[in-house]
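Colleague: The structure's right below; bear with me while I get my questions together.
Every number here is computed from the coordinates shown, using simple stated rules; none is lab data. Since the model is a prediction, treat every value here as computed from it, not as a measurement. Here the Cβ is made from the backbone with ideal geometry for all residues, glycine too, and neighbour counts use every protein chain on show.
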Amino acid sequence: MAGFYIHIPFCKKLCHYCDFYFSMSLENKEKMLKALALEIEQRREYLGGETITTLYFGGGTPTICTAAELEELINTVKRFYPCQLEEVTVEANPDDLSADYLSQLKAIGVNRLSIGIQSFVERDLLLMNRRHNAQMAMEVVPMAQAAGFNNITIDLIYGIPEQTQAEWEQNLTIALSLGVQHISSYHLSIEPKTVFGNRMKRGLFHPVDDELSEQLYAILEKKLIEGGFEHYEVSNFAKPGFYSKHNTSYWNYTKYIGVGPSAHSFNGISRQWNIANNGKYLNAIQNSEIYWEQENMSAAEQYNEFILTSLRTAWGIDKKRLQQQFQHHFIDYFYTSIEPHLASGKLVDTGTNIRIPSHFFLVSDGIMSDLFFVED
Ligand code: SF4
């Protein structure tokens with residue numbers, strides 16, 4: 001069982017908070033689609049014959065592609081890998097979606113949509129330089145439901161400057177009223193190489209303070225849990241039975257392959273990441289040159305990765321798996337380092353698992369880093 005990720009590295013407009021890799025010129029789109037197909041074929045040995053159960057189109061903006069183009073990539077995966085596809089997700093920008101296009105996506109086997117709504121407030125969308133407006137944000141989910149999609153996730157951002165608690169609560173009320181099955185919600189993070197990061201450096205942008213962040217997070221948890229959602233990962237909430245299968249496999253340490261510029265892969269032994277540059281990626285693929293970097297993970301890196309991915313989830317660290325997978329000195333280190341957090345309630349021992357209670361997810365980074373094994 002393994003996951004397949006296809007990165008579509010194009011966007012029509014730069015969101016001001018974004019530090020993902022993409023290009024705004026669509027000139028090389030056709031060449032890129034051919035290169036992606038070639039990479040899919042060339043790397044068919046990477047997962048050692050593991051069956052692909054989830055396929056995820058991310059970006060960039062996958063909905064820049066026609067349904068026929070996405071279908072061709074799905075068929076290429078099926079041609080070269082054993083597949084039993086349970087979940088095929090496409091990340092979508094609201095203003096790319098029409099009733100026709102949605103029906104076409106459904107017809108080619110897409111069964112999950114991830115819609116980048118981010119906010120239902122016009123001022124937030126303008127500040128973030130999103131392509132869609134508040135009206136499109138409201139209309140797109142009912143349109144997708146009318147096309148037959150019954151597994152829809154939306155992204156929402158909180159901690160946007162000027163956003164009030166009442167506005168955030170209203171965003172969540174609207175999201176709940178739409179009847180989506182899954183919500184991913186992220187605090188706005190200001191990365192240095194973004195428009196917001198640049199404005200912050202010049203003193204023109206001020207992130208919200210920690211106290212407000214905590215209040216917004218508390219509203220998020222309360223509203224969505226009351227609305228019937230399970231908080232199953234730091235940033236992810238789902239109705240029962242609708243956890244993201246693809247992303248859950250990342251957190252459960254399952255193998256995955258990522259194709260396209262900047263895509264990452266993991267086969268249980270090594271991590272690999274493709275060059276984050278469309279031109280260099282295309283040239284390398286065409287000339288059969290190497291377009292990736294790879295690292296074999298040391299035992300300590302594998303242990304830290306296991307801690308990081310497991311503690312992001314509501315189920316946390318499986319003690320039996322920890323015992324089976326790691327040497328004694330890591331296990332001893334683990335049980336010593338969790339003691340203060342168990343005493344403070346930031347970690348809980350369920351008998352089989354060690355997990356972070358969801359109301360402490362906001363400070364999960366600090367808890368995890370205390371548990372990391374530092375090599376001499
Ligand atoms: S659509 Fe997504 S990938 Fe593209 S600029 Fe906006 S946030 Fe970044």
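Colleague: Please state, rounded to one decimal and in Å, the Kirkwood hydrodynamic radius that region 299-371 gives when every pair of distinct Cα atoms enters the mean of 1/r.
Modeller: 12.1 Å
Colleague: Could you put Met24, Met200 in order, starting from the residue whose Cβ has the fewest other Cβ atoms within 10 Å?
Modeller: Met24, Met200
Colleague: Every cysteine in the chain with no other Cys Cβ under 4.7 Å from its Cβ, please list them in numeric order.
Modeller: Among the cysteines of the chain, those whose Cβ sits 4.7 Å or more from every other are Cys11, Cys65, Cys83.
Colleague: Where in region 36-124 are there GluC sites (Glu not before Pro) that are in a DSSP coil and have at most 11 other Cβ atoms within 10 angstrom of their Cβ?
Modeller: Passing both the DSSP loop test and the Cβ count: Glu45.
Colleague: For Ser344, Ser262, which order do you get if you count the other beta carbons within 10 Å of each Cβ and list the fewest first?
Modeller: On the way: Ser344 10, Ser262 18.
Least crowded to most crowded, the residues run Ser344, Ser262.
Colleague: Right, another one. Along the charge dipole of the chain, Cβ charges K/R +1 and D/E -1, which of Asn129, Asn75, Met297 sits furthest on the positive end?
Modeller: Asn75
Colleague: Next question. Take the cross-link list Lys320/Lys346; Lys12/Lys106; Lys223/Lys255; Lys201/Lys223 and give me the ones stretching past 31 Å between alpha-carbons.
Modeller: Result: Lys223/Lys255; Lys201/Lys223 exceed 31 Å.
Colleague: Would you calculate a helix-derived [θ] at 222 nm for the chain, using -39,500 (n - 2.57) for each DSSP H run of n ≥ 4 and dividing by the full residue count, to the nearest 500?
Modeller: Working: 15 runs with 154 residues, N = 376.
Calculated mean residue ellipticity at 222 nm is -12000 deg cm²/dmol.
Colleague: When you take every Cα atom in region 9-62, what is the radius of gyration, and what is Dmax, the widest Cα pair distance, in Å?
Modeller: According to the Cα coordinates of region 9-62, Rg and Dmax are 14.0, 41 Å.
Colleague: Counting only DSSP beta bridges with both residues in region 2-250, tell me the antiparallel percent, nearest 5.
Modeller: 20 percent
Colleague: Give the aspartates and glutamates reachable from Lys78 as a straight Cα distance under 12 Å; neighbours fewer than 8 places away on the same chain don't count.
Modeller: Within reach: Glu41.
Colleague: Now for a different question. Kirkwood hydrodynamic radius, region 155-296, all distinct C-alpha pairs: what's the number in Å?
Modeller: 18.2 Å
Colleague: Nearest 20 debye, what's the magnitude of the dipole of region 299-371 about its Cα centre given +1 on Lys and Arg Cβ and -1 on Asp and Glu Cβ?
Modeller: Approximately 260 debye in magnitude.
Colleague: Quick check: convex hull of the Cα atoms in region 228-306, volume per residue, rounded to a whole Å³?
Modeller: Numbers: hull volume 9.0 nm³, N = 79.
Spelled out: Cα convex hull of region 228-306, divided by residues, is 114 Å³.
Colleague: Among Asp376, Asp100, Asp19, which comes first, then next, by fewest other beta-carbon atoms within 10 Å?
Modeller: Asp376, Asp100, Asp19
Colleague: Right, here's the next one. At 25 °C and 0.890 mPa s, grab the translational diffusion coefficient of the chain from Stokes-Einstein with a Kirkwood Rh over Cα pairs, rounded to a whole number in µm² per second.
Modeller: So the translational diffusion coefficient is about 112 µm²/s.
Colleague: Under 8 Å for C-alpha pairs, at least 6 residues apart: give me the relative contact order for the chain, rounded to a whole percent.
Modeller: The value is 16 percent.
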